[in-house]
Amino acid sequence: MEMQIIKEKNKSSHDYINDQLYKYNLAHFPVDLRGRYQEISIFLKDEHGNVRGGIIGQVCWNWLEIHSLIVDEDLREYGYGTKLLLEIEQIALDTDCDFIKVDTLSFQALGFYEKHGYEVFGSIDNVGRDYEHYYLKKELKK
């Protein structure tokens, strides 16, 4: 059998890889955690329906992972980031997650997450040559 390594943008091939990894992982998790996957998208919209911020993540087995959180610069310092974070944290509690994990760069939101009870469990320096990449976790069940 001859195999080739091909670099291409192909949604069905991309989905195949993700599905295969999901199936492999599924076989190793306890039965009560299987099928616990839910994408979450919460948006901050103005009176005209324009998106001005949001938080995107997913419930995956026994945790919730935050992928993106952003609020337009002119709306920062009004508490919208906190409201979005609290909303997704409530989803984590409602779906019986044990913890939440998130990553951020040193020029982004490290202090914001720490203020809300997230703790750094790892980091990588020299990201973009001048920054650190932080990995944080918030335990929901102690």
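The values are calculated or read from the model by the stated rules, or taken from the named source; none is laboratory data. Predicted model only: the values in this text are computed from it and were never measured. Heads up, the Cβs are rebuilt from the backbone with ideal geometry, glycines too, and the neighbour counts pull from every protein chain shown. For accessibility, only protein heavy atoms count, side chains too; no ligands or nucleic acids. Shrake-Rupley method; radii C 1.70, N 1.55, O 1.52, S 1.80 Å.
Among all lysine pairs in the chain that are eight or more places apart or on different chains, how many have alpha carbons less than 29 angstrom apart? Pairs that pass both the separation and distance tests number 29.
Label positions at residue 58 and residue 8, each projected 7 Å from the Cα along the C-beta direction, are separated by 2.4 nm. For the range 28-132, relative contact order (Cα pairs under 8 Å, six or more residues apart, normalised by length) works out to 19 percent.
About its Cα centre, what dipole magnitude does the chain give when the only charges are +1 on Lys and Arg Cβ and -1 on Asp and Glu Cβ, stated in debye to the nearest 20? If you can, show how the numbers build up before the last one.
On the way: 17 positive and 25 negative charges, 64 e Å.
The dipole magnitude comes to about 300 debye.
For percent of Cα pairs over 18 Å apart, the candidate list reads (1) 62; (2) 66; (3) 70; the entry that matches the value derived from this model is (2).
Couplings for the range 127-142, taken from phi via the Karplus curve 6.51 cos²θ - 1.76 cosθ + 1.60 with θ = phi - 60°, read 7, x, 6, 10, 10, 10, 10, 9, 10, 10, 9, 10, 6, 9, 10, 9 Hz in order; Gly and Pro are left as x.
Plugging the Kirkwood radius over Cα pairs into Stokes-Einstein for the range 57-126, at a temperature of 4 °C and a viscosity of 1.567 mPa s, what D comes out in µm²/s? Please list the in-between numbers first.
Working: Rh = 13.1 Å.
Rounded to a whole number, D works out at 99 µm²/s.
Here residue 135 sits with roughly 70 square angstrom of accessible surface, probe radius 1.4 Å.
When the chain is described by a simple charge dipole with +1 on each Lys and Arg Cβ and -1 on each Asp and Glu Cβ, the residue from 97, 1, 33 located farthest towards its positive end is 1. Considering only 15, 98, 130, the mean-square fluctuation computed in a Gaussian network model of the chain, springs between alpha carbons under 10 angstrom, is largest for 15. The fraction of accessible area contributed by carbon and sulfur in the range 17-141 is 49 percent, rounded to a whole number (1.4 Å probe; ligands and nucleic acids excluded).
Taking all protein chains together, 112, 43 sort by accessible area into 43, 112, largest first [probe 1.4 Å].
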